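All of the numbers you see were taken from the coordinates with simple rules; none came from a lab. Note that the coordinates shown come from a computational prediction; the quantities given were computed from them, not determined experimentally. As a convention, Cβ positions derive from the backbone with ideal geometry for all residues, glycine included, and neighbour counts pool all protein chains shown.
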Amino acid sequence: MGSAAPIFYNDVRYVLDLAVFVFALVVQAVALVHCVTQRSDAFPAIGTLPKGAWLAILGVCLLLTLLFQVSLFGLIGIAAGLVYLLDVRVGLRDITDGKGSW
C-alpha cells in the first residue's frame, strides 16, 4: 500500500516555490522601475549608493532571479529589493516631496 505524502509534498513545494518566485519578481521589478524614474542627484543627498550602483544591483538580481528562479539568488534579490523599497525609496520620497532638508 502506497502513501500519498510524496505526491502531496511535491504539490506544496511547487506552490510555495511559485509564490516565492512571483513575490521576488514583483519586489525586484517595482524597486528597479522606481529607481529608474528617480533623479540621480537625489541619491547622494540622502547618503546612499549612487543611482548607477542601485540600478546595477537591482538589475543583476532581477536577471539572476529570472534565470535561476527560486534559489539563493532569488532570496538575495528579495533582500536587495526590500532594502531599496523600505530604506532608499523612503529617503528619496522625503527629499523630492519637500519634506526633507534638501
Pulled fully out, how much extra length does the chain show between residue 97 and residue 79, if you take 0.36 nm times their separation in residues and subtract their Cα-Cα distance? 3.9 nm
Describe numerically, in nm with one decimal, the distance between label points set 7 Å from Cα along Cα→Cβ at residue 26 and at residue 63. 2.6
Evaluate E = 1/(1 + (r/R0)^6) for residue 71 and residue 41, where r is the Cβ-Cβ distance and R0 equals 25 Å; express this FRET efficiency to the nearest 0.05. 0.10
Over the residues of segment 5-96, compute the C-alpha Rg and express it relative to 2.2 N^0.38 Å. 1.27
